[in-house]
Structure formats: C-alpha cells, structure tokens
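The values are calculated or read from the model by the stated rules, or taken from the named source; none is laboratory data. Because the structure is a prediction, the values reported are computed rather than measured. With ideal geometry, Cβ positions are generated from the backbone for all residues, glycine too; neighbour counts draw on all protein chains shown. Heavy atoms of the whole protein, side chains included, go into the accessibility calculation; ligands, DNA and RNA do not. Shrake-Rupley method; radii C 1.70, N 1.55, O 1.52, S 1.80 Å.
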Amino acid sequence: MRFRGLFTVSIGKLKGFSLSQPMNLTPTFFRDEGKPVEKLQALICYSSFSTNGDLKKGYQKMMLAKDLACLVEESSHKDERKVKSRMELKRSIELRVKKRVKEQLIDGKFRNLMVNVIAVPITLQDAYNCIKLNSNVDISVKDDSICFNSLAKELLDGSFDVGGDTVSFSTRGVAKEVLILPNPKMIIVQEAIRMVLEVVYRPHFSKISHGCRSGRGHLTALRYMKKEVSSPSWWFPLVLNKKVDANIIAKLISKLEEKIEDDQLFVIIRSMFDAQVLNFEFGGFPKGHGLPQEGVLSPILMNVYLDFFDQEFYRLSMRYEALHQGDDKDEDKSHSKLRNWFRRQLKENDLKCTTNDNSGPRVYCCRFMDEIFFVVSGSKDIALSFKSEIVDFLKNSLRLDVDDEQTEVLPCDGSNGSRFLGALVKRRVQEGPATSAVHKLKEKVRLFASQKQNAWNAGCVRIGKKWLAHGLKKVKESEIKHLADSGSTLSKVSCFRKAGMETDHWYKDLMKVWMQDIKAKAAENEESILSKYVAEPALPHELKESYYEFVKCADEYVSSETATTLALLPNSSSNTGSVTITEILAPTDAIKKRLFRYGLTTSEGYPRAASLLVLQDSIQIIDWFSGIIRRWLRWYQDYDNFNEVKLLISSLLRKSCVRTLATKYRIHESEIEKRFDSELCRIPSIEEVEQELTYETSYSHPFDNDEALMYGISYSGLCLLSLARTVSQSRPCNCFVLGCSVAAPSVYTLHVMERQKFPGWKTGFTSCIHPSLNKRRIGLCKKHLKDLYLGHISLQSIDFGAWK
C-alpha cells in the first residue's frame with residue numbers, strides 16, 4: 001500500500017508527531033529510522049481521528065492501531081531471525097563478486113581483474129568465507145588467522161610466492177608419486193580466481209556442457225540423454241588421455257585472452273601450473289576433476305579449454321544436419337522449419353529441392369567435463385565420418401590423445417548398450433497398454449502356477465520326512481521281540497546287521513543301500529529324492545495326473561504366443577501403442593563389487609562388519625553408514641532401476657552397520673537393534689529416502705545443490721577413518737578442516753577406499769584419491785567428523801599440511 005498526499009488535523013501532538021502541521025505520508029516516511037511501531041500507530045490514528053470525533057472511539061482505534069503495529073514488528077523480527085542456508089550465503093557472496101567483475105567490462109573485455117577484483121581484501125575475504133561455507137564453518141565467527149590486506153599487497157606487487165605456499169606428499173616405494181597441495185593462502189587465491197572466471201565464462205558455456213556448473217550436473221546430463229535425444233541410430237563415447245603440457249597451457253591462456261585482458265592474472269595461473277599446485281589430467285581420473293584435493297580451479301579451466309570442442313561440435317552438427325542429403329527416409333526424425341529454411345538458403349533458394357522432415361541426419365553430444373558421449377541419428381557411414389572428424393579435431397587442434405579401443409560405434413538397438421558416467425545407456429521397447437495387459441495376465445498365471453508347484457513340493461517333502469520317521473520307528477520296533485514282525489523285509493535283512501551296531505547306524509546303512517538302488521546321486525537334493533521316490537509313488541494316480549496336467553497347461557499358456565498375442569507385440573504393424581525409449585541403468589553388479597572391496601560384504605554378497613570402524617563411537621559408526629546410504633541414493637535417484645538400487649544399498653548397509661556394532665560390543669545382533677533402536681533411526685529407510693528426494697525435488701531451490709559452488713562434495717570419494725590415537729597434551733592440534741579453529745579431540749588415520757584410476761567407469765560415483773594420502777593422519781572435531789561421514793564436506797576441505 002502506498003500513501004500519498006498531505007493531511008491536516010489539529011488535535012495536538014500524538015507520539016511525538018505534530019498534528020497541527022501538514023504531514024507528508026510518502027514512502028520516505030516509512031523508510032526513516034526510528035520507531036516504526038509509534039509511526040504506524042500515529043499513521044492509523046492520524047487517518048481515523050477528526051476534530052469533532054469521539055475520544056472514546058478514538059481510544060479504541062488507537063488500541064487497534066497498537067495491536068496491528070505489534071504484529072508488523074513481530075513479523076519483521078521473525079524475518080530478521082531467519083537463518084540463511086549455506087547455499088543462500090554462497091549465492092549472496094557470488095553476487096557481490098559478480099558486481100565487481102561486471103564493473104571491469106570495457107569494450108567487450110574484462111580488464112585488470114587482478115588489480116581491481118582479485119587482489120582486493122574484500123574479495124579475498126569473500127573467497128575465504130566461501131571456503132568456510134564449503135567446509136560447513138560458521139562465517140560469523142571472527143577469524144584472524146589470515147591477513148587479507150597483506151595477501152592482497154603480495155598479489156599486487158608480485159611478491160606472492162606460489163611455490164612456497166604448497167605442501168608435498170609422496171608415496172612409499174621405488175616408483176614414488178608426488179602430490180603437491182596448496183596451503184590455505186593459496187586455496188584462498190585459487191577460490192578468488194575461480195569465482196571471477198565463473199562470472200566471466202558462465203554465460204558463454206555451451207548447453208552440451210555439464211559438470212561443475214550452476215544447475216548442470218551428472219543428473220542433467222543423463223536426463224538429456226534420456227529425454228532430448230530422439231530416434232538414435234548409433235552412439236559412441238570418447239575417452240580422452242592427456243597430461244597437461246606446455247602446448248595445452250598456451251592454448252588455454254589464448255582462450256582466456258579472448259574474454260580477459262590481464263597479464264598479471266595469466267602470470268599467476270602459469271606459475272601455479274609450473275609449481276604443480278594446479279593441474280588436471282584428461283581421462284586420468286573420473287569426470288575430469290583431477291584430484292579432489294588439488295584445488296578448485298581444475299574444473300573451470302577444463303570447461304574453458306574444452307569450450308573449443310563445444311564450438312567445433314556445433315559447427316560440425318550444423319554442417320551435417322543442414323547440408324547432408326541423408327538417405328534415412330524411413331526413420332522418424334523431427335526437424336525445425338528454421339533448419340529447413342537454412343538448408344534451402346545454402347542450396348541457393350532452390351525451392352524444387354525441398355527437404356523432407358525425415359531426410360537428414362541428426363547428431364547429439366553430451367559432455368561432462370572430459371567424458372564425452374555422442375549419438376547419431378542416421379546411417380553408420382555418417383556416424384563413422386562424424387567420429388573421424390571429431391577425433392581429428394581433438395588430436396590435431398586440442399593436442400589430446402583419444403583411446404580408440406573404447407570408442408567403437410555401436411548400434412543403439414543393441415542388447416549391451418553403452419557406458420556413460422558409470423551408467424548403462426540402453427534402448428528398450430516400452431510396451432503399449434494392450435501388450436502390457438497380456439504380459440501382466442501371463443505373469444499372474446505364471447505366479448499362480450509357481451505357488452501351486454511350491455505347495456505341491458512342500459507337501460511331498462513333508463510326506464517324505466514322515467516316511468523317514470516311520471522307518472526309524474519300525475527299525476526300533478524290530479528290536480523288541482513282542483513287537484517284531486518275523487515275516488517283514490526288515491526282519492529278513494537283519495541278518496546283515498553287525499553285532500553291537502547301534503540302531504541309528506543300522507538305519508543309516510539301510511538308507512545308503514536304498515539310495516544306491518534308486519541311483520540318488522543324480523538327484524539335485526535330498527528333498528527331490530523324498531518327493532520323487534517316496535511321496536509321489538504313494539499318492540493316488542488321479543491326483544498326480546491332475547497336477548501334472550495343470551502344470552503343463554500353465555507352462556504352455558505362459559510360453560505360447562498365439563495369433564492374438566502376436567498382433568499386440570511391438571514388432572507387429574498393427575500395434576501402435578509401443579514406443580522405444582532410452583533407459584539409464586545403474587550398474588548393480590559393480591555396486592556389489594564395490595561393497596565387497598570396501599569390506600562391507602563377503603564374497604558371497606552377505607553383510608559383514610567393518611573392522612576399521614570398530615574402535616570408533618557407536619554414533620560415528622552409524623553416521624558413516626548413514627552417509628553412504630544418503631549419498632549413493634541421491635546419486636542414483638533418477639536412474640530407471642532406482643528401486644533395485646535402493647533396496648540393495650539400504651538392506652546391505654544397514655545390516656553391515658548392525659554387525660559392526662555387534663562386533664564392537666560383542667553381543668548378539670538382536671540385542672544391538674534393541675539397545676540402539678533410536679540411534680539406528682539415523683540410517684534412513686527406503687520410505688524416508690523417497691520422502692526426502694520428493695521434498696527436495698518439489699520444494700528446494702534449483703541452486704541448492706549447485707555443483708559450481710559445492711565442488712568436491714557431490715563426488716567426494718569414500719574413505720574409512722580408523723582411530724589412530726588420542727591427542728596428547730604434548731602435541732595438541734586443532735581441527736584440520738579449513739576455517740575451523742576448534743580443538744581436535746582425536747587424530748584419525750585416513751584409509752582411502754578408491755585409489756586406482758577410472759573408478760567412475762563402473763559406478764560413476766566414487767572419486768579417485770591420490771595414494772600418497774592413504775594412511776595420513778588428520779585431526780577432526782566431532783562436528784566435522786560427522787560432516788565428512790554424512791557427505792556435508794569433502795576431503796578437499798581438509799588441510800593435510802596442518803600436521804607437518
């Protein structure tokens with residue numbers, strides 16, 4: 001509501017306002033600092049009183065005005081008390097940096113970013129706050145450990161020592177691998193540069209680019225493959241292999257110079273590459289992240305470098321789609337009118353050469369960092385030609401190596417599918433309503449027949465066991481003279497019984513002779529022996545014939561395809577309800593192997609106790625298992641076989657957690673579930689996970705899981721932390737998490753769960769961690785130990801050099 005104009009009332013003064021003078025009730029009146037309650041009271045009373053009004057009535061209105069003002073004041077205080085989430089705080093920091101960067105845009109280029117934006121204390125402070133938020137540390141707590149004014153001065157005068165602000169680790173053994181990590185000051189500088197580059201290049205990145213970008217992650221990449229690609233014919237992935245060298249760095253700097261004019265910025269980026277504190281390896285580690293601890297500049301610089309490829313893909317796709325006279329006229333393809341018009345323009349407006357909507361090929365590409373997947377809708381010759389041009393560009397222009405062994409062009413209708421981001425991409429015929437109804441009916445018949453067969457087998461086994469008990473009873477009766485039957489077969493063969501042989505042993509010998517007579521070794525199990533040779537021969541003949549006739553008819557109905565059913569199948573021309581869709585499947589077999597490798601299941605797939613977690617507190621053990629379940633289920637939430645994955649992960653890991661606690665306390669698992677009933681509720685059930693995912697999808701902000709701001713958390717590798725020792729007073733230490741100054745009560749030994757290259761090819765989730773960090777000691781406070789287990793922070797947030 002807006003109030004305009006002047007009102008004049010002569011009833012004296014009210015709450016400090018002179019009512020005998022004109023009062024300006026413009027919006028400025030409400031923005032003035034002071035007492036908002038009194039002003040609102042005065043405003044309402046001011047508009048209600050008249051010079052001849054009743055004082056009693058005016059008093060009532062004055063009290064009403066006071067009540068309304070209190071409601072407004074409570075509402076304003078409530079808004080002030082609302083706590084912002086980590087993502088909201090990081091978004092506000094990014095917007096402040098974005099404003100400073102935009103001010104440096106002059107004549108289409110960003111100039112002097114190092115002097116005017118990066119090497120400014122307030123920007124470095126914002127970068128440090130962003131790091132603290134990534135580490136789940138309260139930014140309102142004052143931290144004087146780093147002087148931003150001196151750091152900004154070092155960056156401006158060129159005295160910042162890139163090589164000196166690093167720490168190196170190496171593996172043991174002959175073939176040593178060295179890892180160089182940044183110190184906190186270097187991490188702050190890298191974060192400031194990352195924030196600036198995000199502002200500069202985010203609007204220019206291609207739509208085919210996914211990964212470490214705002215609102216574009218692995219789920220959006222898989223959704224694109226599933227929903228946006230129409231009528232695919234051939235597909236193939238490209239596996240890149242290359243370590244960063246001088247040629248790649250020079251080409252990367254040339255790409256940066258297209259948008260940025262700042263020699264100081266380029267010098268410090270080159271010095272980071274020279275000091276090996278900034279590095280990324282194409283294809284060396286999953287999803288192009290380099291190493292999770294190496295720094296935050298790797299993903300943004302890789303996206304900038306591969307933007308060359310994105311532009312080349314658009315150029316090639318336009319040429320193939322716009323100019324190629326494809327001969328795939330029988331396939332269903334959709335083309336826009338703009339593309340058809342463009343083709344006619346390139347063919348010199350030859351209207352006779354009209355382009356059929358089904359005539360030309362289509363090419364698709366989805367890139368997640370350095371993992372690239374191509375789909376071609378057209379002939380195989382077109383797919384091979386397109387692949388050849390793409391490979392030539394990557395090798396000759398971008399100086400990258402391509403692994404040809406894993407880039408075979410495969411048909412989309414093949415049964416094996418193709419791999420992308422650890423997922424299996426397949427095409428499947430989705431049945432129409434009529435076909436689905438027939439198959440559901442057959443499934444019900446098969447299930448009913450299976451139930452009857454199980455009941456028949458169970459009854460026969462029960463009869464056979466009673467026959468065994470009756471035989472043992474007869475053997476015992478034969479030993480009693482007045483109960484023995486001298487004319488029975490048992491009495492006749494008793495002469496073969498050895499002297500002093502026990503009854504049970506004699507009965508076993510008789511059973512061995514009988515089993516040899518019926519050749520029982522060919523049987524599958526003892527139940528089939530009892531059913532086939534004991535129970536069924538004793539049953540009425542009519543009953544056996546009826547049962548086997550029922551089983552035969554049910555099998556024939558389930559396996560048969562009558563003419564009516566054939567007319568409903570997808571290959572029939574009369575069936576128009578079936579369509580072919582793209583499926584994204586999680587690798588359940590690879591997940592089972594990972595659980596076995598982590599020591600959470602046995603080789604047969606049964607849950608087992610995690611020995612490295614036994615010495616930790618029970619709550620920490622439960623948090624570790626809860627974190628794995630939540631992170632994995634979030635990762636696979638949009639996969640088509642998610643129901644199978646969530647049942648597998650939730651059931652196995654919960655049982656493994658219970659057995660770990662049972663090993664710790666040396667009591668039975670049932671007692672553990674009773675004692676820790678409330679604590680085990682922290683491990684989410686399948687229903688709770690589904691509710692959380694539904695709530696996040698429906699109500700969360702699209703940037704709540706922004707991969708550009710939460711780098712390293714979504715893809716943080718799995719690790720186990722075993723208790724190394726309690727911190728002694730002779731060498732106390734604080735928490736190793738960046739920005740945290742809380743004392744660490746214990747030191748933990750890091751056990752890396754994934755150390756080999758390419759773990760993401762099988763599951764797509766786990767990140768590789770450098771082997772030099774395995775079995776390193778880190779100090780963690782209780783809060784950040786829980787955050788690390790639950791996946792709220794990543795190993796990138798840990799300062800590994802704090803122990804040195």
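Structure data summary
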item	result
Three-way shape label, segment 167-225, alpha-carbon gyration tensor, a/c 1.5	oblate
Gyration tensor verdict on segment 190-251 (Cα atoms; rounded if a/c is under 1.5, prolate if a/b is larger than b/c, oblate otherwise)	oblate
Amide H partners (placed H, <5 Å) of THR580, local residues excluded	GLN430
Vicinal HN-Hα couplings computed from phi for segment 376-391 (Karplus, 6.51 cos²θ - 1.76 cosθ + 1.60; Hz; Gly/Pro x)	10, 9, x, 7, 5, 4, 5, 5, 5, 5, 5, 4, 4, 5, 5, 5
Extreme residue, positive dipole direction of segment 97-202, given options GLN104, PRO184, ASN134 (C-beta unit charges)	GLN104
Dipole magnitude of segment 86-204, debye to nearest 20 (Cβ charges: Lys/Arg +1, Asp/Glu -1, about Cα centre)	400 debye
Computed accessible area, CYS412, all protein chains, 1.4 angstrom probe, square angstrom	0 Å²
For segment 230-270: span of alpha carbons on each principal axis (Å, largest first)	49, 24, 12
Probe 1.4 Å - accessible area at TYR305, Å² to nearest ten	0 Å²
By average C-beta atoms within 10 angstrom, highest first, the peptides 782-788, 263-269, 469-475	782-788, 263-269, 469-475
Whole-Hz couplings from phi, Karplus 6.51/-1.76/1.60, listed for segment 602-608; x for Gly and Pro	7, 5, 7, x, 8, x, 9
Under-5 Å amide H pairs with SER746, H placed in peptide plane, nonlocal only	VAL727, LEU780
Solvent-accessible ranking of THR602, THR582, largest area first, probe 1.4 Å	THR602, THR582
Residue-span extension gain [ASP413 to PHE550] - 0.36 nm each, minus C-alpha spacing	45.5 nm
Accessible surface, per residue, of segment 86-204 when the full set of protein chains is kept, probe 1.4 Å, Å²	46 Å²
Diffusion constant of segment 86-204 at 37 °C, which comes from Stokes-Einstein with the Kirkwood Cα-pair radius and 0.692 mPa s, µm²/s	209 µm²/s
Normalised contact order of segment 165-219, rounded percent, pairs of Cα under 8 Å and 6 or more residues apart	22 percent
